[in-house]
Amino acid sequence: MSSSSCSTGLNLGFCVQTCNSIPRSRSSISPFLKKNLDINYNKFNNGGSTTSLFYSFSPFSITSINPKSKMSQISAILTQQDNKTPTQTSKPQFDFNNYMIDKATRVNQALDMAIPVKHPEKIHEAMRYSLLAGGKRVRPVLCIAACELVGGDESAAMAAACAVEMIHTMSLIHDDLPCMDNDDLRRGKPTTHKVFGEDVAVLAGDSLLSFAFEHLVKSTPAEKVNAGKVVRAVGELAQAIGAEGLVAGQVVDIHSEGVDGIGIEELEFIHIHKTAKLLEAALVLGAILGGGTDDEVERLRRFARGIGLLFQVVDDILDVTKSSEELGKTAGKDLVADKVTFPKLMGIEKSREYAQRLNEEAKEQLDGFDVDKAMPLIALADYIGYRQN
């Protein structure tokens with residue numbers, strides 16, 4: 001396939017195309033460093049057919065609950081190609097762009113309904129400002145995708161998906177505070193404390209944290225999910241964000257600024273806890289509430305840890321290669337704060353290679369699941385690995 005055949009939608013600088021030169025036993029996706037790149041992505045061998053993907057990525061953010069609003073393209077079209085007839089016309093079966101728009105739109109609608117403006121207006125306005133400010137909604141979509149992967153339906157996981165996003169938003173509000181990262185820009189907008197003041201910003205984060213658990217318990221449909229699973233989900237979520245999870249990573253991260261001798265093992269500890277734990281919670285909650293077996297839950301946990309670390313490696317690369325306008329947040333702040341990052345320890349090219357390896361190893365955890373149901377998670381892993389903001 002010629003490079004000109006995929007020239008549209010490649011402003012992000014990454015393309016995956018199907019071909020037949022790489023063995024099916026292993027997936028391979030390489031960072032796109034030039035204008036176009038042809039590579040193979042043959043992951044599964046299913047009844048004599050190879051499952052292949054075509055991706056065209058560009059910045060993706062749901063900024064409105066209106067599905068007709070303009071959005072940058074992210075597309076993944078799943079096609080079946082017979083091994084014996086590689087030139088056979090393929091039929092599109094999975095459209096990642098529409099999948100993300102559909103799921104994120106419904107998540108936004110659920111978030112909008114969950115926190116209406118009421119007395120006292122100021123705190124609810126601050127909560128809504130942060131929660132509905134846009135974003136990719138990767139975590140709630142992962143939660144829903146995991147639920148559906150193990151045989152559940154979206155309604156069983158929607159409350160948990162919203163709870164995870166509320167907690168994620170809380171972490172962003174607190175992370176941006178002057179006592180933490182002291183950031184003025186988030187998702188292309190002034191940070192919460194810049195709009196509402198530091199006092200209200202702290203309280204908005206606190207309120208989102210507590211309401212997340214209330215919403216998970218009260219809004220998960222009892223007719224679809226028994227109380228035992230809800231209690232288990234609450235425990236998983238609490239552990240993911242406490243002193244053994246997100247907070248642990250944040251504390252070590254803060255106290256590593258400007259410190260010499262921080263190695264790759266300590267850096268991985270920071271980001272497995274600070275970033276991967278909440279992604280892990282999203283997937284594990286979805287699998288639990290969807291009725292997954294213990295083995296399925298643990299495999300998705302390992303998948304989540306892989307893509308969580310992948311997310312941070314890519315974030316570190318973007319922080320030193322993109323502008324604030326491109327990122328929608330302040331670029332280069334880790335360098336200014338003298339934080340240890342993957343590019344600082346490994347260099348940019350080695351960091352990209354590490355990201356590719358994490359992506360491949362994470363997706364190996366999905367072997368054995370239904371291929372069609374696993375496609376959203378495969379595509380999301382690649383989106384996380386090759387996003388540009």
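The values are calculated or read from the model by the stated rules, or taken from the named source; none is laboratory data. If you're wondering where the values come from, they're calculated on a predicted model, not measured in any experiment. Because the Cβ atoms are built from the backbone with ideal geometry, glycine has one as well, and the counts that use them run over all protein chains shown. The protein model used for the area step is the full one, side chains on, heavy atoms only, and it has no ligands, DNA or RNA in it. Shrake-Rupley method; radii C 1.70, N 1.55, O 1.52, S 1.80 Å.
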Distance between modelled label sites at residue 218 and residue 295, nm, 7 Å Cα→Cβ extension: 4.0 nm
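Counting only protein heavy atoms, what percent of the accessible surface of the stretch 264-389 is carbon or sulfur at a 1.4 Å probe?
The computed percentage sits at 48.
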Net charge of neighbours whose Cβ lies under 15 Å from the Cβ of residue 230, counting Lys and Arg as +1 and Asp and Glu as -1: +1
Contour excess over end-to-end distance, with Cα ends at residue 182 and residue 109 and 0.36 nm allotted per residue: 23.2 nm
Inter-probe distance in nm under a simple model that places probes 7 Å from Cα toward Cβ, at residue 232 and residue 325: 5.0 nm
Accessible area of the stretch 92-237 belonging to carbon and sulfur atoms, whole % at 1.4 Å probe: 55 percent
Average accessible surface area per residue within the stretch 209-362, 1.4 Å rolling probe, Å²: 43 Å²
